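Report on the following structure.
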Amino acid sequence: MIVIHVHVHVKPLFIEAFREATLENARASVTEPGVARFDVLQQADDPTRFILVEVYRDEQAPAAHKETAHYQKWRDAVAEMMAEPRSSVRYTNVFPPDEAW
């Protein structure tokens, strides 16, 4: 499993629009065969900060995700909503074992 945390800081004016666009992307993302999970988290004490937790089944799945129409629509829609460029951290799964997914 490949786990990617995408950190996003949104301009206050765009919080709701970002949520809507991101939820649409997340709903489509979980239908991809290479996606095991796609969580959208909003920071409790700062609603302008989000983390997307993307869990992929194999090494090829993140690249395949970026080729989808729904990802490209999201990427373009939220570009101007961000207060700063998004960043990501890549992890490998330690527990639970991959078979649990």
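Each reported figure results from applying straightforward, stated rules to the coordinates on display, with no laboratory input. Predicted model, so just to flag it, every value in this text is computed and none were measured. Neighbour counts are summed over all protein chains in view; Cβ atoms, including those assigned to glycine, are modelled from backbone coordinates with ideal geometry.
Taking each DSSP H run with n ≥ 4 as -39500 (n - 2.57) and averaging over every residue of the chain yields -9000 deg cm²/dmol at 222 nm.
Can you give the local net charge around residue 64? Use residues other than it whose beta-carbon is closer than 13 angstrom to its beta-carbon, Lys and Arg +1, Asp and Glu -1.
Result for the local shell: -3.
So if R0 is 22 Å, what FRET efficiency would residue 3 and residue 46 give, r being the distance between their Cβ atoms, rounded to the nearest 0.05? Here the calculated transfer efficiency is 0.45. To the nearest 10 degrees, how steep is helix 69-78 against the longest Cα principal axis of the chain, on a 0 to 90 scale? Computed tilt is about 30 degrees. Footprinting exposure proxy ranking of 38, 14, 95, fewest other C-beta atoms within 10 angstrom first, gives 95, 14, 38.
Please work out the ratio of the alpha-carbon Rg of the chain to 2.2 N^0.38 Å and round it to two decimals.
Here the Cα radius of gyration is 1.07 times the empirical estimate.
For the range 7-101, applying the loop criterion from DSSP together with a ceiling of 15 other beta carbons within 10 Å to the GluC sites (Glu not before Pro) yields 59, 67. Summing charges over neighbours of residue 84, with a neighbour being any other residue whose Cβ is under 13 Å away from its Cβ, gives +2 when K and R count +1 and D and E count -1. Report, by chain and number, residues whose modeled amide H sits under 5 Å from the one on residue 37, excluding near sequence neighbours (fewer than 5 apart, same chain). It is 55, by chain and number.
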